[in-house]
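Before any comments, here is the structure.
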Amino acid sequence: MKDHDDHLCIETDVSGSTSVESWGAVVALLESADTYGLVTTADSSRIAWAAILKDAASNSSATGLHEALPPAE
């Protein structure tokens with residue numbers, strides 16, 4: 001977990017074989033974040049990330065803001 005001024009960022013490696021149940025749990029957690037994505041790195045690792053705004057109540061763009069980033073080159 002990385003603590004930034006206005007948000008917390010959580011990352012986890014989801015490379016390799018992941019069960020359907022595990023993916024379901026990851027997706028459920030990502031959906032509760034303010035912003036999330038899945039990145040494929042240059043070495044083909046997959047990193048799921050989520051950001052949680054520290055003051056979501058005062059940020060009007062927090063509701064429903066989700067994005068997926070394109071694979072890293």
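The values are calculated or read from the model by the stated rules, or taken from the named source; none is laboratory data. Because the structure is predicted, anything quoted here is derived from the model rather than measured. Glycine also receives a Cβ, built like all others from the backbone with ideal geometry; neighbour counts cover every protein chain displayed.
Per-structure values
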quantity: Answer from 14, 20 - the residue that is over 24 Å from residue 55 (Cα atoms) and touching a helix residue (DSSP H, G or I) at 6+ places or on another chain (Cβ under 7 Å); calculated: 14
quantity: Scan of region 1-23 for residues that are surrounded by 10 or more Cβ atoms within 10 Å (Cβ to Cβ) and either under 14 Å from the mean Cα position of the chain (by Cα) or assigned to a strand (DSSP E or B) (or both), ordered by number; calculated: 2, 7, 8, 9, 10, 11, 12, 13, 14, 23
quantity: Contacts under 9 angstrom Cβ, first residue in region 1-16 being on the phi < 0 side of the Ramachandran plot, partner loosely packed, with under 10 Cβ neighbours inside 10 Å and of a type outside the set (Asp, Glu), 6 or more apart; calculated: 8/1; 9/1; 10/1; 11/1; 15/44
quantity: Neighbours by Cβ (under 6 Å, 6+ apart or cross-chain): first from region 32-56, modelled with pLDDT of 90 or more; second surrounded by 15 or more Cβ atoms within 10 Å (Cβ to Cβ) and basic (Lys, Arg); calculated: 40/46
